[in-house]
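As structure tokens, the structure follows; a few thoughts come after it.
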Amino acid sequence: MTDQRMTSTLSDERILDLIEAYGADPAAFPEAERESAARRITEAPGLFAKALEDARRLDQFLDLVPEAEVSASLRDSLLASAPKPKRAARPERGLRRFLPGWLPAGAVASLVMGVMIGVNVSLPSSVASAQTSDEADAVMYAALGFGDYELMSEAAE
């Protein structure tokens with residue numbers, strides 16, 4: 001049965017993952033987990049012995065591989081062919097930065113609607129010779145679509 005005890009914040013599985021990812025030297029572990037991992041490894045050396053041995057062998061093998069040297073011309077050509085960052089959008093000035101983009105369309109729509117309502121209310125009321133306020137109200141409600149169109153149909157005759 002494996003020892004599943006937790007150290008301050010690291011489980012044994014996490015320490016094994018650290019050894020596999022960063023090698024046998026705890027100095028290469030992430031700083032936040034380094035101290036806890038080193039303490040747990042010294043508390044239970046047998047539990048981590050195989051993983052540490054495998055990591056040491058891999059570290060020794062990787063030390064034998066020479067470092068790749070990149071020529072200046074290759075580096076420059078890679079940097080030149082790298083995608084360039086997009087230009088930042090021009091910052092909005094004045095009141096426009098606070099207003100939504102659809103605001104002009106809304107203003108035009110409200111203007112058109114106002115003109116249409118004005119035409120529909122004024123024309124039928126003058127044609128139907130609406131003398132009383134009830135008739136004028138009926139024409140207005142009919143123009144807005146809330147009433148019937150009796151006055152408008154009578155005016156058209």
Could you pull out the residue among M116, M6 that is in the same structural domain as A143 (by TED's automatic domain parsing) and at pLDDT below 90? M116
Residue in region 81-94 that is at pLDDT below 80 and assigned to a helix (DSSP H, G or I) present: yes
For region 52-75, does any single residue satisfy the condition of being modelled with pLDDT of 90 or more and aromatic (F, W, Y)? yes
Which residue pairs have Cβ atoms closer than 9 Å, lie 6 or more positions apart in sequence or on different chains, and pair a first residue in region 65-85 that is surrounded by 10 or more Cβ atoms within 10 Å (Cβ to Cβ) with a second residue that is assigned to a loop (DSSP other than H, G, I, E, B) and β-branched (V, I, T)? L78/V70
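The values are calculated or read from the model by the stated rules, or taken from the named source; none is laboratory data. Predicted model only: the values in this text are computed from it and were never measured. Reconstructed Cβ throughout: ideal geometry from the backbone, glycine too, with neighbour counts over all protein chains shown.
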